[in-house]
Amino acid sequence: MTEEAETKVEANASEAPVRIETVHTSAGLPEDEVARITGDLIGALKTVYDPEIPVDIYELGLVYKVDLDDNRNLTIDMTLTAPGCPVAGEMPGWVENAARAVEGIQDVTVNMVFDPPWTPDRMSEEAQVALNWW
C-alpha cells in the first residue's frame with residue numbers, strides 16, 4: 001500500500017496528552033466518512049478500560065497511532081501503562097473487538113509498542129481529574 005492510498009487517523013506518540021487527529025493523504029475515502037469513523041472509533045476506544053485503573057485507554061493516552069486505509073482496514077499502535085501489565089495478552093483483543101464494532105471498518109490489527117514508554121504525562125486532563133492527579 002502506498003502513502004497516497006492511505007488515510008491516516010493519527011495520534012502523535014511524542015506529545016502528551018495523545019489525541020487522535022484526522023490527516024488526509026488521499027481522496028480514497030470521503031472526508032465526512034473519515035470524520036465519522038474517527039469519532040466512532042474514539043467512542044469505541046473509550047469503552048476499553050485498563051482493569052486496574054478506572055480510566056479508559058483513550059484518556060490514558062495508550063493509543064499512539066491509528067492508520068485507516070482505503071479498504072477500511074485499521075492498524076492501531078498502542079501501549080500499556082507497564083510492559084508487565086497483567087492484561088497484556090488480552091488488551092489487544094479488547095481493542096480489536098471495540099474497533100471492529102465501528103460501522104464501515106473491514107479489518108483491525110492491533111500492535112503493542114513500548115517506544116516511547118507510557119508515562120502519566122500522556123493522560124488527558126479528564127483522566128488526571130478522575131485519578132485525582134491534580
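Evaluate the following for ASP121: is it in contact (Cβ under 8 Å) with a residue 40 or more places away in the chain and either hydrophobic (A, V, I, L, M, F, W, C) or more than 15 Å from LEU45 (Cβ to Cβ) (or both)? In short, yes.
Yes or no: VAL9 in a helix (DSSP H, G or I), modelled with pLDDT under 90 and within 17 Å of the chain's Cα centre (by Cα)? For VAL9, the condition - in a helix (DSSP H, G or I), modelled with pLDDT under 90 and within 17 Å of the chain's Cα centre (by Cα) - is not met.
Out of TRP94, TRP118, one residue alone is over 11 Å from the mean Cα position of the chain (by Cα), surrounded by 12 or more Cβ atoms within 10 Å (Cβ to Cβ) and at pLDDT 95 or above. It is TRP94. Under the condition of being assigned to a helix (DSSP H, G or I), touching a helix residue (DSSP H, G or I) at 6+ places or on another chain (Cβ under 6 Å) and among the small types (Gly, Ala, Ser), the residues counted in region 100-134 number 1. Of the residues making up region 74-113, just one is in contact with a Ser or Thr (Cβ under 6 Å, 6 or more places away or on another chain) and not β-branched (Val, Ile, Thr), namely ALA98. Scanning region 52-85 for residues that are of a type outside the set (A, V, I, L, M), farther than 15 Å from ALA130 by Cβ and free of Cβ contacts under 8 Å to residues at least 40 places away in the same chain returns ASN71, ASN73, THR75, THR79, PRO83, GLY84, CYS85.
The values are calculated or read from the model by the stated rules, or taken from the named source; none is laboratory data. The structure presented is a predicted model; accordingly, all values stated were derived computationally and were not measured. Using ideal geometry, Cβ is built from the backbone for each residue, glycine included, and neighbour counts are taken over all protein chains shown.
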